Amino acid sequence: MTDRRGERGSGGGGGKGRRTADPADLGRVLASYRERPTMGKLAMTVVPVVAFFLFLGESFATHGIGHLVFDAICVLLSVWGAVRLIRSVVSWLDLYEDGIVYRGRRKVRWAYKWEEFHDVTLTREATYVNGSSRPLSDKVVARLYTANEGIACQLSGNYFIADSGGGFLRTFFRSPGSLTPMFGGIVDRVVEARVRLILNELAGGGDVRYPPFEIGATYLYVDDAADEIPWDEVTRMTVDAQQIAITVPHLQRRMAGVKLKADGTRGNYRVGRDDTLYIGTKDMSQCQKAIIWSVMAHIADSLDADRDKGADTQPR
């Protein structure tokens, strides 16, 4: 069994530490969205102040140190809310041709190239109160992951509005043109850039991990398996809409060590008795699936081309 410890993360998996892209290298700006201050941030600013003044006339001698602590907490909460409120007013999210930038009025807070994102998930999050049929809050949240950081950034669609230069009031109140419709385009750009990066890495002999799979230039490896699957030993590989099938001799022996269920399944893959590894879409985001399927389709095309070339060179 090959010792694979210490090999993870090379190639398309990402580098060490946080990488901040230079906005000057990201091409032109496609769209600019302004962060909308929310009612929650306003409440965090105003409510503690109101509570402070309501109890300001109470006798300190009556309440003692507890009253002082209460006043201090009110002031701290109000200052924190005001800072968050002001930060929202002076914050923008810019979508570039080759990346995304979150900036304030004078500085860039973070910036990433599309290819740095390992995965993007879109979830709809609704908050209901007392069994009400209408949600108090209903938003689409995009979470963008990098290989080395986990969640690099989280974007709430309704908390960003198209920057129309309408000033504070237009920014504060909910208005049309949220970021939500752009999420699909963000996923597409991440997939396109990520696939391009991975294929370049594989061409240079690198590898990329999308657990439980490690895709290498010359092999496919499944976590806990006894051996890798060399691409040059694969006899058949098909990539369908919902499944990838890879047939290789002695697959059962190669997969020794993997704890499979009675039907040969584990997670999002199945080991068939016909020496075929079937990879499914279970627990995969649409972004992750699109990346893996595109890379696998490219590998399948390369294997078919190599077989056709080998058949042409055979003596007749």
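Rule-based calculations on the coordinates, nothing more; no lab input. Computed from a predicted structure; not experimentally measured. Cβ coordinates were reconstructed from backbone atoms using ideal geometry, including for glycine residues, and neighbour counts include every protein chain displayed.
Once the Cα gyration tensor of segment 86-219 is found, what semi-axes does its equivalent ellipsoid get, as square roots of 5 times the eigenvalues, in whole Å, sorted largest first?
33, 20, 12
Once amide H atoms are built 1.01 Å from N in the peptide plane, which residues 5 or more positions from S137, or in another chain, come under 5 Å H to H?
The answer is T127.
Over the alpha-carbon set of segment 208-316, divide Rg by the Kirkwood Rh and report the Rg/Rh ratio to two decimals.
On the way: Rg = 14.2 Å, Rh = 14.5 Å.
Ratio value, two decimals: 0.98.
What ³J(HN,Hα) values, in whole Hz, does the Karplus curve 6.51 cos²θ - 1.76 cosθ + 1.60 give for segment 178-184 when θ = phi - 60°, with x put for Gly and Pro?
6, 6, 3, x, 7, 4, x
What distance in nm separates the simple spin-label points at L76 and N268, each placed 7 Å from Cα in the Cβ direction?
4.3 nm
In the neighborhood of E201, defined by Cβ-to-Cβ distances under 11 Å, what is the net charge if each Lys or Arg adds +1 and each Asp or Glu adds -1?
0
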